[in-house]
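Working notes, beginning with the structure itself.
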Amino acid sequence: MTAATNAPAEKADPRLAAAADFLDTRVGISKIVKEFARKIFPDHWSFLLGEIALYSFIVLLISGTFLTMFFVPSMAETHYPTDALPVTMQGVQMSEAYASTIHMSFHVRGGLLMRQIHHWAALLFVGAMVVHMLRIFFTGAFRRPRELNWLVGFTLLIMGLLAGFSGYSLPDDVLSGNGLRIADGVALAIPIIGSYVSFALFGGEFPGDDIIPRLFTVHILLVPGLILALIAVHLFLIVWHKHTQYPGPGRTQKNVVGFPLFPIYTAKAGGFFFIVFGVIALMGATMSINSVWNYGPYDPSVVSAGAQPDWYMLFLEGSLRLMPGLEVVIGGFTLSLAILIPGVILPGLLFTFLGLYPFIERAVTKDTGEHHLLDRPRNAATRTALGAGFLAVWFVLIGAGANDLIATHFNVSLNLITWIFRILFFVLPVVTFLVTKRICFGLQRKDRELALHGHETGRIVRFASGEFIEVHQPLDEYERWLLVSHDSPAPLQIDPPEDANGVARPGYKKERRWQKLSQFFYEDRIEPVTPAELAAAQSHGEHDELPATEAHEEITSEDSAGQIEARTH
Amino acid sequence: MKALAAGRRHRLAPVVLMTLALLFTGVVYAALAPSPAQAETPSAGEVEAGEKLFIANCSTCHGMNAQGTDHGPSLIGVGAASVHFQVATGRMPMDANQPQAEAKPPQFDEAETQQLAAYVASLGAGPGIPSEEQVDPALGDAANGGLIFRTNCAMCHNAVGAGGALTNGKHAPPLYDSTPTELYEAMLTGPQSMPVFNDATLTPDDKRDIIAYLMEQREPSPGGFSLGALGPVSEGLWAFAIGMSVLIGFAVWIGARSS
Ligand code: HEM
C-alpha cells in the first residue's frame, strides 16, 4: 500500500551527487535512506502524541543550552546587587545559583523568555509522555512484540520525571529547597540506610553546598544524555517493529496502511514540529511560569502557602499529605511509616505495576501472539477498566496534593477535603473499575446490535398482520468489519483437579490460581458476532428490509402530526 | 580606685550592673520608641458621634458599652486600629455565623469609621490608627520587606500574598486589595486567626517595609499573565488547558487531513 514516491526527474546537482556517492560507497547510505524513506507510517491523531513529546524535548534541549550560558551552578553566598532589578531582591543575601537565575530573568535579553519556554516545554514534555503512554496502554500497543519498547518508554518517563525534578531544584529558591527537603526526608525514612543515602546525596548534612552542582550535572548531562539515547532506541524499535494500526478494512496483522515516511510523513511531521515549537514559544512569551523572584532565596525556615511541586510530582506531594502521622519504634530505631509508605512504598508499587503491565497482562491472559492491530479500548474491557482505576488513584493523589487550593477556591474545610480524599483513595478506583467495565460492555453490546441489525433509520412500518417494525439499514462491509473483526478470548480452561483414576493432580492448585486471574480478565465478556450469526441475522434482516410484496403502512419521519399514512403496494 | 576595684568583685556587682543596664534600656526605649501613633487627637464631637453609631450598629453583639456579650468580644482596649481595620474592610458589623468574619464592602464611610474608632479608643488605650508616613510604601525597603514577609506571613498568605488555606474552613485572604493602612492595622491587631505582630516583634519600619514589598507585587508580572500567582499547580493546569489541548487539537487536524 505504499504510495509511490516519484523521484524528482530534474537533474541532480553534480556536487551533491558526488557527495552522496562518497557516502554511499563508504557507509551504504543509499540503502539506509531508501529503507527509511519507504517505511510506512499510519495516520491517526493519537499516533502524533509521541511526537509532541519528541518535539518538546527538542525545544527543551535548545532552550536549555541557552540557559546553561547564564546559570551559575553554585551555592556560594552572594548579595544581589543593589542597582539591579527586581527591587524586591536588592541587597538580599542568596546563593549564586539563585542570583544568576534572577539576573538572567531581568538583565539578559531573552533570558526570561527562554526560562519560561524551557519550563512550559518541560511541563508539556512530561504531559505528552503521559498522554502518549495512555494511548499505548488503552489500545494495547504494548503487546508482543512491543513489550520492550514499553519498557524503554517507561524508563523515558522516569527519566523525564528526574529531569523535571532536578531542573526544578536548580534555581535554589524557596520552592526548590522545599522540594529537596522533602526528597531528603523521604531518603531519611528508608530503614537502615536512610541517613547514609541522605548524606551521600547532599554530601553531608542537608542542604550543604554540593547538591546544586551535583544536580546540575544530573540535569544537563546525565539525564538528557540518557533520554537522548533511549529516544534513539525507542524510535529504532518503532521502525523495526513497524507501527501498529487501528483495525479497519484491509488492515491486517501483516501489513501497515499509511503514508511513506518520505516525503509525505516527513512534511507532516516537520510541520508539526513548528506547530509545537510555536505553541510553546507563545506560552513562554505570554504566560509567566515559576517566577522565582517571588519565592525568595532558599531558607530552611521559610515555607510559604501554596508550596507545591510541578504537576507531574504532585501525586507524591498528595500521597504525603493524605497519610496520617504514623511511626513505630523498633529497638530504639524509629521507622517513620508516615513518610515511608506514601513516599517510597506507594509510588514504588504504582510504578512497578505500570512498568511491568505488559508482562503482567501476558502472564495472566496467556496471550503470547503477535499483535500489530490495536484494540479498541471497549473490546479489552478489563484492561481499560484497570487503566481507568489506576488513573483514578492518580487523580485522587493529585487532588490531595492541591488540597489547600481546593479549600480556598471552593470554600471547603481543609480537614474535610483530606478525609474525603482518604476515603476516595480506596473507594474511587474500585468504583471506576466497575463502572468502566460496565460501560465497555454496554458499548460492545451496542456494536453487536449494530453489526447484526444495522442502523436504525427511524422509519416505522406496520404490516398487514398489525405488527410494527422499524426499518434497519444494513451496515456496509467496512463498518461491519470494524465491529466484528476483534476476537474475545475466553478464560483459561484447565483439567479437573483429579485425573481419571481419582488421584489428585499435582499441578492443579497452581493452575487454578492462574485460572482465577484469567477469569478476572475474561470471565465477563460479550462474544463478537460470528459469521454464522451474521448470516442468520441477515436473512432475518431481509425481513427488516421491507418485503416488497406485503402490504404495509409506513409511518414516515416527515409525518410530524403522527398520523398513519396508508400506502398499499 | 582601690574601693572601686574591690567593688567590682563584689558579690552583688552583677545584680547592680544588670539593674542599671535594664533601667538604661528602659529609659532609652521610652525616649526613642514611637508613641502610639495618633494622627490627631479626636474631638469630643467625634467620640459622641461614634458612640451613637456604635449603639445603633454594634451594641447587639458587643454590648451597650462595648463590654462584650455572648455574641461578640469586649472592645475595651482593642484600640482605634482594630476598629478601623474591622470596619474599613467591611468585616464589622459581622454577618451571621461563619468560620471567620469575611471582608465585605464597607458599610460606613471613612469619617464614620474614624468616629467609631475614636469612640472605642476613648474606652481604653490601645494601638492607634497609623499615620500616613508610617504606611507610606515609598519610604519602605521592599527587599527587606520581602525577607520579613517570607519568614512571618508567607506560610499563611503565600509568598506574594495570594492567600492560602488554614485548618477547619478558615483561610488567610489574598492581600492584593488591602490599603497600606489596613495592612499596617492587620499586623498591629491580628484579626481572628492571624497572630498579633506588635511593635516588639515587627518594628514600625519592618511593617512599612512589608507594605512596600506588597505594593511592589501589584506591579504587572514581568513574565506575562500571572495566572493567579498560585504556583506550580495552576501552572500545571494551564499547561494542559492551553498547551496540551491546543497541541492535541492540531494533531487531530493533521490526522484528519489525510483520511
Ligand atoms: C521521551 C519520551 C517519548 C518519546 C519522545 C516517544 C516517542 C514516540 C514516538 C514518536 C512514537 C511513534 C508514534 C506514536 O505511536 O505515538 C512512539 C511509539 C511508542 N511509544 Fe513512545 N515516546 C516517549 C515515551 C514513551 C513512554 C513513556 C511509553 C510507555 C511506557 C512509550 C511507549 C511507546 C510504545 C510501546 C510505542 C509503539 C506504539 C505503536 O507502535 O503503536 N513511549 N513513541
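The values are calculated or read from the model by the stated rules, or taken from the named source; none is laboratory data. Here the structure is a predicted model, which means the values were calculated and not measured. A quick note on method: Cβ atoms are made from the backbone with ideal geometry, for glycine too, and the neighbour counts reach across all protein chains shown. Accessible surface areas use protein heavy atoms only, side chains included; no ligands, DNA or RNA. Shrake-Rupley method; radii C 1.70, N 1.55, O 1.52, S 1.80 Å.
Tabulated data
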item	result
Sole exception among (1) free of Cβ contacts under 8 Å to residues at least 60 places away in the same chain; (2) touching a Leu at 6+ places or on another chain (Cβ under 6 Å); (3) within 15 Å of the ligand (Cβ to nearest atom) for A:Ile136, by number	(2)
Selected residue (only one of A:Pro207, A:Pro191, A:Pro213 is closer than 21 Å to A:Pro309 by Cβ, more than 16 Å from the ligand (Cβ to nearest atom) and open to solvent by 30 Å² or more (accessible area, probe 1.4 Å))	A:Pro207
Qualifying residue in the stretch A:278-296 (condition: open to solvent by less than 30 Å² (accessible area, probe 1.4 Å) and within 16 Å of the ligand (Cβ to nearest atom))	yes
Number of positions in the stretch A:416-433 that are out of contact with any helix residue (DSSP H, G or I) (no Cβ under 8 Å at 6 or more places or on another chain) and within 14 Å of another protein chain (Cβ to nearest Cβ)	3
Residue match in the stretch A:312-324 (condition: open to solvent by 60 Å² or more (accessible area, probe 1.4 Å), away from chain B (no Cβ under 14 Å) and under 24 Å from the mean Cα position of the chain (by Cα))	no
Residue among B:Leu230, B:Leu237, B:Leu188 that is aliphatic (A, V, I, L, M) and in contact with a Pro (Cβ under 6 Å, 6 or more places away or on another chain)	B:Leu188
Qualifying residue in the stretch A:47-62 (condition: over 19 Å from A:Ala122 (Cβ atoms) and in contact (Cβ under 8 Å) with a residue 40 or more places away in the chain)	yes
Criterion violated by B:Gly255 - all others in (1) part of a loop (DSSP other than H, G, I, E, B); (2) in contact with a Phe, Trp or Tyr (Cβ under 6 Å, 6 or more places away or on another chain) satisfied	(1)
Residue within the stretch A:51-59 that is over 22 Å from A:Ile220 (Cβ atoms), within 16 Å of the ligand (Cβ to nearest atom), out of contact with any Lys or Arg (no Cβ under 6 Å at 6 or more places or on another chain) and open to solvent by less than 30 Å² (accessible area, probe 1.4 Å) present	yes
Some residue of the stretch A:142-161 being open to solvent by 10 Å² or more (accessible area, probe 1.4 Å) and more than 16 Å from the ligand (Cβ to nearest atom)	no
Meets criteria (open to solvent by 40 Å² or more (accessible area, probe 1.4 Å), more than 28 Å from A:Val87 (Cα to Cα), more than 10 Å from chain A (Cβ to nearest Cβ) and not polar (S, T, N, Q)) for B:Ala200	no
Checking B:Tyr119 against (1) open to solvent by less than 20 Å² (accessible area, probe 1.4 Å); (2) within 9 Å of chain A (Cβ to nearest Cβ), the condition it does not meet	(2)
Count - residues of the stretch A:327-373 that are in contact (Cβ under 8 Å) with a residue 24 or more places away in the chain and polar (S, T, N, Q)	3
Restricting the stretch A:297-306 to residues that are among the hydrophobic types (A, V, I, L, M, F, W, C) and open to solvent by less than 20 Å² (accessible area, probe 1.4 Å), the residue that is nearest to B:Ile148 (Cα to Cα)	A:Val302
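Per-residue answers, yes or no, for (1) in contact (Cβ under 8 Å) with a residue 60 or more places away in the chain; (2) closer than 22 Å to A:Ala53 by Cα:
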residue	(1), (2)
A:Asp209	yes, no
A:Arg214	no, no
A:Leu222	no, yes
A:Val239	yes, yes
A:Asn255	yes, no
A:Tyr265	yes, yes
A:Phe273	yes, yes
